[in-house]
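Note sheet for the following structure.
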């Protein structure tokens with residue numbers, strides 16, 4: 001019989017709650033295979049991004065981090081900004097490309113597009129064709145079929 005070993009990682013992440021176009025987030029401890037809105041082990045706090053206010057259970061957050069739970073980049077940066085934990089902020093994955101652009105480094109896709117723009121364009125000769133002007137004639141009652 002084959003034995004399967006499933007290794008699950010415990011993560012601290014946001015779970016979206018609230019109305020349409022008015023998000024609010026719970027900070028939850030979950031298994032990394034569970035959907036963010038799925039079952040959670042514990043609620044560690046909440047965050048309202050519109051009012052920039054949150055409620056955090058500092059002791060429980062410290063406990064889960066000491067037990068090996070990994071905070072998502074967004075939650076980690078929020079906890080650092082709110083001085084719940086002491087660490088450097090992380091660069092969020094979507095913003096890494098923007099950070100590279102600011103440093104002056106180009107992504108390979110941008111470099112390829114620049115090379116295409118620099119390549120000499122092939123000139124296509126277009127023959128001038130005289131355009132005949134036709135007057136639009138309105139049909140007379142004799143020409144229109146009757147229904």
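Quick check on region 10-94: what does the Kirkwood estimate of hydrodynamic radius come out to from the alpha carbon pairs, in Å?
Values: mean 1/r = 0.0764 Å⁻¹.
Taking the inverse mean of 1/r over all distinct Cα pairs, region 10-94 comes out at 13.1 Å.
Stokes-Einstein D for region 55-96 at 20 °C, 1.002 mPa s, Kirkwood Rh over Cα pairs, in µm²/s? Walk me through the intermediate numbers first.
Values: Rh = 10.8 Å.
Once the numbers are plugged in, D ends up at 198 µm²/s.
Label-to-label distance, residue 59 versus residue 83, with points set 7 angstrom from Cα along the beta-carbon direction: 2.1 nm. Taking 0.36 nm per residue of separation and subtracting the Cα-Cα distance, full extension of the segment from residue 93 to residue 73 would add 6.4 nm.
May I ask you to sort 46, 66 by Cβ crowding, counting other Cβ atoms within 10 Å and putting the fewest first? Could you put the intermediate results ahead of the total?
Values: 46 19, 66 8.
Sorted ascending by nearby Cβ count, the order is 66, 46.
By the beta-carbon count within 10 Å of each Cβ, the least crowded to most crowded order of 56, 25, 8, fewest first, is 8, 56, 25.
Got a sec? How would 16, 26 order by Cβ neighbour count within 10 Å, fewest to most? Let's see the in-between values first.
Values: 16 10, 26 19.
Starting with the residue having the fewest Cβ neighbours, the order is 16, 26.
Bear in mind these aren't lab numbers, they're just calculated from the coordinates by the rules spelled out. The shown structure was predicted, so the numbers you read here are calculated from the model rather than taken from an experiment. Please note: Cβ atoms are built from the backbone with ideal geometry, for glycine as well, and neighbour counts cover all protein chains shown.
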